[in-house]
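The structure under discussion appears below in the form of C-alpha cells.
The values are calculated or read from the model by the stated rules, or taken from the named source; none is laboratory data. This one's a predicted model, so the numbers in the text were calculated from it and none came from an experiment. Because the Cβ atoms are built from the backbone with ideal geometry, glycine has one as well, and the counts that use them run over all protein chains shown.
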Amino acid sequence: MTEQVNMNDQDIQAAHKLTEAYGRIRDEMAKVIVGQEEVLEQLLTCIFARGHAILEGVPGLAKTLMISTLADCLHLGFSRIQFTPDLMPSDITGTEVIQEDKATGQRAFKFLEGPIFNNIILADEINRTPPKTQAALLEAMQERQISIGGKRMKLAKPFFVLATQNPIEQEGTYPLPEAQQDRFMYKILVEYPTWQEEFDIVKQTTAENTAKVETVLTGEEIKEIQEAVRRVPVADHVIEYAMKLVRATRVLEGNVPDIVADYISWGAGPRACQNLILGAKVRCVLHGRYFVSTEDIAAVAKPVLRHRLVTNYSADAEGYTTDTIVEKLLEIVPASESDIATNPATAPAVD
C-alpha cells in the first residue's frame, strides 16, 4: 500500500467519499431501477472520470429512466434531447434572435441557450438524427464549449453527454461515425433482465409507485472527486499493460495476435489507452482501493474498446464481435508485472 503516498489526505478523503457515495447511489437507484448494477457502475465511472457514455440496448430496458434518475441522485442540471431526423444543430446549441428594447426601440441580437447548457445531457436515440446534428455535440464533448456566431461559450461544469441508441433500428437511422464514437469513454450494453429482475419490474411498475430518490452528491463534490481520481497512482507496468492491450488491436502495424489479424480492419487509438487508465482509476476507488491493478484494466477493457474496434466481413460472417475479440486479447496479453517485462512476443512492444 506504499503507492498511497502520491495521494494527500484531502485526496484520500475525497476518494473515500466516492466509495461511500457509490453505495448510497445504488440504494437510491434501486428504488426506481431493478437490477442493472453493472450498467450503473459503468455510468458512474464515466461521470467521475469526466467522460461521456453511450448506452445501447433494445427498447424498454429503462435506459432513459436510469439516466434521469441518476441525475436526480447527483443534484445536477439535466436536459433531455430527443433526437429525430428533423432535429437541427441550433435545437441543441441554441440560437440568436432579434429582440427590440421597448424603451428605446433599438434592436439587438440575444442568444437563447439551448439544452446543451446543462450538466447532464441525455442524447436520446442519438442514431436517429443526421450527421450534421450529431456533429453539434463533438465540440461540446471534447472542448466543453460551443461556438456560436464567432463566439466561444463555455459549458457548465461538470458536463457529461450520456447518449442512448437502439441497435435493432435500421430504417431512418444514421450510425455514429467512428470519430464521434471515439469521443465516448464507454459504450455500455444494456442487457435483458434476469427472470427474477423482470418479475420485480413487472410487479413494481404495475402498482402505485411513489418512490423518490434523494440527492447524494452535489456538483462541487463531484468536481472534488474527479480531481482526486486523477491523482490515484498507477504503476508503470499497469500503464504498459493497458498500452499492450490497445496496441495489440492495431492490425496495420503488424505483429498482432492472429484473431486481430483475421477479424479486425482498424484498431483503437491513444484515447483508448487514456480511458483504460481513467476507468481503472475510478473502478479501484469504487471498490475501496487507492491504487490501480491490471485487474482493473481488464475489467474496463470491454466498454472502452468495443466501439473503437472495426471488424471486417470475416468477423461478421463467423459471428465474432468486438467483445469476443477483447476477451481473447485479455487471455493472450500478459497481465503480471514480470510477464509484461519479459514476454513482449504476445503483443506489440511498448516503444
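Highlighted here would be strands (runs of 3 or more DSSP E) found entirely within the stretch 116-190 that include at least 3 residues which are modelled with pLDDT of 80 or more and outside the structural domain of Ala49 (by TED's automatic domain parsing), but there are none.
For the stretch 225-263, a residue qualifies if it is modelled with pLDDT of 90 or more, among the aliphatic types (A, V, I, L, M), crowded, with 22+ Cβ neighbours inside 10 Å and not in a helix (DSSP H, G or I), and exactly one does: Ala248.
Tallying residues that are loosely packed, with under 15 Cβ neighbours inside 10 Å and in a helix (DSSP H, G or I) within the stretch 310-322 yields 5.
Results for (1) assigned by TED's automatic domain parsing to the domain that holds Ile120; (2) at pLDDT 85 or above; (3) crowded, with 19+ Cβ neighbours inside 10 Å; (4) touching a Ser or Thr at 6+ places or on another chain (Cβ under 7 Å), shown as yes or no for each residue.
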site	(1), (2), (3), (4)
Glu38	yes, yes, no, no
Leu43	yes, yes, yes, no
Phe48	yes, yes, yes, no
His52	yes, yes, yes, no
Leu55	yes, yes, yes, yes
Gly60	yes, no, no, no
Lys63	yes, no, yes, yes
Leu70	yes, yes, yes, no
Leu74	yes, yes, yes, no
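Every test in (1) in contact with a helix residue (DSSP H, G or I) (Cβ under 9 Å, 6 or more places away or on another chain); (2) closer than 24 Å to Ala140 by Cα; (3) surrounded by 17 or more Cβ atoms within 10 Å (Cβ to Cβ) is passed by Thr84 save one, and that test is (3).
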